[in-house]
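The structure under discussion appears below in the form of structure tokens.
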Amino acid sequence: MSRPEVAVVGAGLAGSLLACFLARRGHPVTVYERRPDPRAGHIERGRSINLALSERGIDALRRIGLDNQVLADALPMRGRMIHPVRGELDFQPYSVDGDRAINSIGRGALNNALLDAAAQQPGIRVVFEHRLVGLDPGTGKLTFDTPHGEATVGADVVLGTDGAGSVVRGQLLEHDALTENVDFLDYGYKELSIPPSPSGDFALAPDALHIWPRGTSMMIALPNPDKSFTGTLFWPDSGGGSFASLNSPAAVEEHFRTHYPDLLDLAPDVVDDYLHNPVGRLGTVRCTPWQTGGRIALLGDAAHAIVPFYGQGANCAFEDVVELDRCLDECADDWAAALPLFEARRADNAEAIAQMALANFVEMRDKVASPVFRLGKKVEHALERALPGRYVSRYELVSFSTIPYAQVQRRVRRQHQVLGAVAVGAVALALGTIAAAISRLGRGA
Ligand SMILES: Cc1cc2nc3c(=O)[nH]c(=O)nc-3n(C[C@H](O)[C@H](O)[C@H](O)COP(=O)(O)OP(=O)(O)OC[C@H]3O[C@@H](n4cnc5c(N)ncnc54)[C@H](O)[C@@H]3O)c2cc1C
């Protein structure tokens, strides 16, 4: 029996990984990408240069034998390094034993490795400079803008992996095949470069994700293999200390000097970077359904873009690919059965990580600097040691396991309820002991 022709729209992280998985199933696949081939050296500005890859993403790569190759270029980060305005740096390990790490990886290198792997598979064709501009959900007819004019092709199955601003999603919306809600944060992001030190070494500890928490805003920095760091400012769009309010060289320099005093020495070009680099938007995309007619579906950011504060967007997109592959297995490659099953299994999980990512912004920009938070982390690690496998922190469950996100959210809620009850019990016991001691004193007087 001949396999249906599959069109994948978008050769980013999810699309190129998806092509590798579909190739193993023997599906003829054409991947359409609006950009020129990035392996020819074209780099798009304004997208995050590096990202944190953790267990969910690595698990997907392991399944196609690419994990070791990709991780060879990654830099493990074992914890957060907090940069206060004044005072000592504070290292907060991610895991109880301090040796589990998330991995800083170049987005371009990862995308290129996946594209190479996809292009080597028989049955896979990757076509660049094809920007989707039209899709008829009834017939699966796709229209692209290309350097040679408009091109129209047909496909039995269409998979939209064209990112947060997905045109596939937009076309389904236009044809009343879905509803969407895009919730923009009133924060944007801007990247800055921290070069190697004058001696040619990393300017900061390379085995940590660096955070400058400043209450209502923050900066983070991740290491790169060339010993530079990529810093990202997450600042409000408007109001005091916002991207809108800081636009003259003197004001920007003064702001960095006051709020990020160590940065000016580390990154001499920071003001110039700030003035020239674009501000990216951040938001959460929710839409329903993710598939229509059992033949057109959305995966990755196209279906469920999230804010980047748990470092999980790409990891979650990779998990989508693994789950779709599993559904195709279970449905004997019947797409009409597999696509609804895929959505049923992934939608709650995508919503769970969307919520956890939003909550983590407050933790990163504000709470990590507080002594109460530090104490809480120590208590959490002590509990993890005392109750191995029974009490596991949310960070560990999200970043170092493949337990579905919705399950993680429920488990953490239960853990917190038990902890709350234990804390109340401990306080009651302490108060009882104090009351008994006072009453004994009273009787003795
Ligand atoms: C600042 C920032 C930091 C982040 N950090 C992390 C992190 O640490 N860890 C993590 O896991 N995730 C992180 N993410 C999220 C991660 O980048 C995304 O979740 C991930 O890239 C999603 O992959 P995707 O393939 O679905 O979409 P994308 O990577 O956006 O790929 C979409 C592809 O589709 C192509 N395309 C778009 N429109 C069309 C069209 N009309 N026709 C044809 N092709 C088209 C695009 O050119 C692109 O190649 C971060 C995101 C941001 C913004």
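The values are calculated or read from the model by the stated rules, or taken from the named source; none is laboratory data. This structure is a prediction, so every number in the text was calculated from the model and none was measured. Glycine gets a Cβ as well: all are built from the backbone with ideal geometry, and neighbour counts include every protein chain shown. Note: accessible area is taken over every heavy atom of the protein model, side chains too, but ligands, DNA and RNA are not part of it. Shrake-Rupley method; radii C 1.70, N 1.55, O 1.52, S 1.80 Å.
Between the listed residues I353, C316, V379, the Cα displaced farthest toward the positive end of the dipole of the range 314-384, a dipole computed from Cβ unit charges relative to the Cα centre, is found at V379. Charging the Cβ of each Asp and Glu at -1 and of each Lys and Arg at +1, and nothing else, the dipole of the range 47-97 about its Cα centre rounds to 200 debye. Seen through its C-alpha gyration tensor, with square-root eigenvalues sorted a ≥ b ≥ c, the range 43-118 comes out oblate because a/c lies at 1.5 or above while a/b is not bigger than b/c.
Kindly count the pairs of lysines across the chain whose alpha carbons are less than 25 Å apart, treating pairs on different chains or eight or more residues apart as eligible. For the chain, qualifying lysine pairs total 4. For the chain, modelled as a GNM whose springs connect Cα atoms under 10 angstrom apart, the maximal fluctuation among N50, N68, N103 occurs at N68. Computed over neighbours whose Cβ is under 9 Å from that of R346, the net charge equals -4, Lys and Arg +1, Asp and Glu -1.
Taking every DSSP beta bridge that has both ends in the chain, the antiparallel portion is near 70%. Output the 0 to 90 degree angle, nearest 10, between the alpha-carbon long axis of helix 13-24 and the longest principal axis computed from the alpha carbons of the chain. Compared with the principal axis, the helix lies near 60 degrees.
With each label modelled as a point 7 angstrom along the Cα→C-beta vector, the R414-L358 pair spans 2.5 nm. In this structure the chain gives 45 Å² per residue of accessible area when probed at 1.4 Å with all protein chains present. Averaging 1/r over every pair of different alpha carbons in the range 287-340 and inverting the result gives a Kirkwood radius of 11.8 Å. When only the Cβ of Lys, Arg, Asp and Glu is charged (+1, +1, -1, -1), the dipole of the range 63-149 relative to its Cα centre reaches about 160 debye. Rounded to the nearest 10 degrees, the inclination of helix 249-259 to the longest alpha-carbon principal axis of the chain is 50 degrees.
Kirkwood radius and radius of gyration were both taken over the C-alpha atoms of the chain, and their ratio Rg/Rh is 1.03. Each residue of the range 86-239 gets 243 Å³ once the volume of the Cα convex hull is shared out per residue. Note that the range 381-390 has calculated 3J(HN,Hα) couplings of 5, 5, 5, 5, 6, 6, 10, x, x, 9 Hz, one per residue in order, obtained from phi through the Karplus relation 6.51 cos²θ - 1.76 cosθ + 1.60 (θ = phi - 60°); glycine and proline are x.
The spacing between the range 360-414 and the range 283-308, judged by their C-alpha centroids, is 28 Å. What's the carbon and sulfur percent of the range 318-398's accessible surface, probe 1.4 angstrom, rounded to a whole number? The nonpolar share, carbon plus sulfur, comes to 56 percent. Mean residue ellipticity at 222 nm, helices only, the chain: -13000 deg cm²/dmol; runs of at least 4 DSSP H residues each add -39,500 (n - 2.57), and the sum is divided by the number of residues. Relative to the dominant Cα principal axis of the chain, helix 107-119 is inclined by about 40°. Given +1 at the Cβ of Lys and Arg, -1 at the Cβ of Asp and Glu and no other charges, the dipole of the chain around its Cα centre is 1700 debye to the nearest 20. In the range 1-89, the portion of solvent-accessible area held by carbon and sulfur atoms comes to 50 percent [1.4 Å probe, whole percent, DNA, RNA and ligands not counted].
For the range 30-109, the list of trypsin sites (Lys or Arg not before Pro) that fall in a loop by DSSP and count at most 16 other C-beta atoms within 10 angstrom reads R45, R47, R86.
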